Each structure stands twice: as structure tokens, then as C-alpha cells.
Amino acid sequence: MTHVLHTHAVPSSGQVGPGYLTSTLLTRIGVPHAFSTRIGGVSTGMFASLNFGNPGDLLASERDSVENIRANWTLLAGAIGAERREIVEVHQIHGTDCRVVRRGGSSHETLDGRDTRADALVTDDPSRLIAVRVADCVPVLVASADGRVVASVHAGWRGVIGPIDPAAKPGHGIIDEVLRTFAGLGVSANELVVAIGPCIGPDQFEVGPEVADAFAAVFGTGTRVVRACSTKRGKFYVDLQAALAEQARRAGVPGQSIDTIARCTVSEPGVFFSHRRDAGRSGRMVGIIGPR
């Protein structure tokens, strides 16, 4: 599938608007959504320019401002025609927890709205957008075929395979948890569309034997998700997008309903932020979606 990088001039200024990618399949359903890039926002310096977050270990004087990040949210929501919606995020923890935000219900589990810890959000509320932040991890957007229930997912390697437990069986990763959540809301896997966004690519995600073995335990010995590095003994490469697509298919999502945007965040510095490429001094992109 062809995935177009969208940019729009900002009204009244003429400047380049937010750059984002969309899923062909999600567009057909009619759900507002985007995989953001670093193009077209208001942030500066290492955060130039469509930035949505700060690395946790930066000094206060180095961090992007709340005002810049808020302005970038406004630009992106406006670009996808959803500027009037509430944006809901979570405190991401590289796990497999999934938070459901129901129509008319609370956006967060606590009164201050700061302690909702999860790596996926599911909602049926058309007054909201749900979003996850990434800077090499995989953003995944999911929707029911009618566009009435959607999910936004942050999938790092730990989230893909789930807890590293020799006794654990396949089926404990975050995609499995999200699909179980949809099932609990009456939406089966064969009714879903899954869009897998840009992330660290299969030629850049180098791992050691312990991580390679963990993926082999989930996907099977000889899996194409993992391959040995030809130039570094004891090093391997992992294809996170392929792993997530395989998990979705195993869980019952039809292959033709899985849309992978095969862009590498590490390899395109002019388009994407990258935690690994920039040694942690990097902005954040988002995967964002809302029901029809």
C-alpha cells in the first residue's frame, strides 16, 4: 500500500503544517487518525519541530515547553479534522496493560489524571482522541470495521513479547491484550483493522542474544522476525513490525486488514525523531485515533 506524507499550510500563517502519515485502511473506514512525524510544528532545537514529549532524564532547562507541545497537539488535531475533541494519553510503562475509556466515562483512573499507567487505550467515545507517544517503539492504531471502537497502542519490544517468563506461552503481548479488550466490548478479531506505524526498522534494531531468545520463544525457532547480524558475533536484528503483524494474524485479524507503514525512524532523521539514533536526546511522535 502507498502511504502519503500529509502536510497542510497553517491558516493565516502560510507556514508548513504538521506532517503525518495515514493508513489506507483506516482512511477507508473514516476514522480520524495520524502517525505524526517531526515536520511542521512549533518546537525548536533538538525538538524541531512537531514534538509531543520530553525524554524523562532531561534537565528542566533543556525540556521542550508545555506551551509548544500544546500548540503541536492543536495543529495535529486540526489537521485531521478533530480539533474539538479531548485528547487522552496514558503514562506509558513498556508493558501490556490496556485502559478502556468509555463514552461518558472518566478519561483517567485517578482524580488528578496523572496516574493512569498503561501502554494502550481503547475507546468508543467520538468526543475523544486517544494517543500514544513513540520515538522508535511501534505505534499501532486499531479500529472496528464500522469505526465505532478504536485503540491506540505503544509497542516496545517488551510489550510485543510480554513478560519474559520461561513458563509463559505465546499470547501475552500487548496486541493480544488489546484484541482481548475488543472482544470484551463485542468486537471480534476478524472485524478489526490494524495499522502498524513507523518505528525502528529491521536493519536498525540490534539486540543481544537474551532478547533474540525471548522473541524465538514466542515466535518459534527459525522465525523470520529474528535474524543474526552478519558482521557482529552474538548480535541479532528484530523486525518489530513483522512481529506485531504475525501476532495480529495469529489472533484472527485477516491479513488483508493489516496495514504496515514500512518506514524506519532511525534511518530518516529529517522525518522522524529517534531515541536510539540521537542517544536519548530526541523528541516524541504520536499515534492518534478517534472513533467515527
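The values are calculated or read from the model by the stated rules, or taken from the named source; none is laboratory data. These numbers come from a predicted model, not from an experiment. Here the Cβ is made from the backbone with ideal geometry for all residues, glycine too, and neighbour counts use every protein chain on show.
Key figures for this structure:
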quantity	calculated
Selection status of Ser36, over 30 Å from Arg148 (Cα atoms) and among the polar types (S, T, N, Q)	no
Residue among Ala262, Ala279 that alone is under 30 Å from Thr44 (Cα atoms) and surrounded by fewer than 13 Cβ atoms within 10 Å (Cβ to Cβ)	Ala279
Pair list, Cβ < 9 Å and 6+ apart or interchain, from segment 67-88 residues that are on the phi < 0 side of the Ramachandran plot to residues that are exposed (fewer than 15 other Cβ atoms within 10 Å of the Cβ) and among the basic types (Lys, Arg)	Ala77/Arg84
Residue match in segment 36-54 (condition: in contact with a His (Cβ under 7 Å, 6 or more places away or on another chain), assigned to a loop (DSSP other than H, G, I, E, B), in contact (Cβ under 8 Å) with a residue 60 or more places away in the chain and crowded, with 19+ Cβ neighbours inside 10 Å)	no
Single condition Ile200 does not satisfy, out of (1) out of contact with any Pro (no Cβ under 9 Å at 6 or more places or on another chain); (2) more than 26 Å from Val88 (Cα to Cα)	(2)
Unmet criterion (only one of (1) part of a loop (DSSP other than H, G, I, E, B); (2) touching a residue at least 24 places away in the same chain (Cβ under 8 Å); (3) over 17 Å from the mean Cα position of the chain (by Cα)) for Ala212	(1)
Close pairs (6 angstrom Cβ cut-off, 6 or more residues apart or separate chains): touching a residue at least 12 places away in the same chain (Cβ under 8 Å) in segment 149-164, part of a helix (DSSP H, G or I) and of a type in the set (Gly, Ala, Ser) anywhere	Val160/Ala243; Ile161/Ala214; Ile164/Ala214
The one condition in (1) at pLDDT 95 or above; (2) more than 14 Å from Val140 (Cβ to Cβ); (3) outside any helix (DSSP H, G or I) that Lys232 fails to fulfil	(1)
Some residue of segment 175-185 being of a type in the set (S, T, N, Q) and not in a loop (DSSP other than H, G, I, E, B)	yes
Matching residues in segment 123-154 - criterion: being among the small types (Gly, Ala, Ser), closer than 20 Å to Pro254 by Cβ and not in a loop (DSSP other than H, G, I, E, B)	Ala143, Ser144, Ala151
Failed criterion for Lys232 (all others in (1) buried (at least 19 other Cβ atoms within 10 Å of the Cβ); (2) over 30 Å from Gly40 (Cβ atoms) hold)	(1)
When residues of segment 60-111 are limited to those that are among the charged types (D, E, K, R) and part of a helix (DSSP H, G or I), the one farthest from Val16 (Cα to Cα)	Glu62
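Residue-wise test of (1) more than 21 Å from Ile258 (Cβ to Cβ); (2) loosely packed, with under 15 Cβ neighbours inside 10 Å.
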{"position": "Gln92", "(1), (2)": "yes, no"}
{"position": "Asp97", "(1), (2)": "yes, no"}
{"position": "His108", "(1), (2)": "yes, no"}
{"position": "Ser127", "(1), (2)": "yes, yes"}
{"position": "Asp146", "(1), (2)": "no, yes"}
{"position": "Val150", "(1), (2)": "no, no"}
{"position": "His154", "(1), (2)": "no, no"}
{"position": "Arg158", "(1), (2)": "yes, no"}
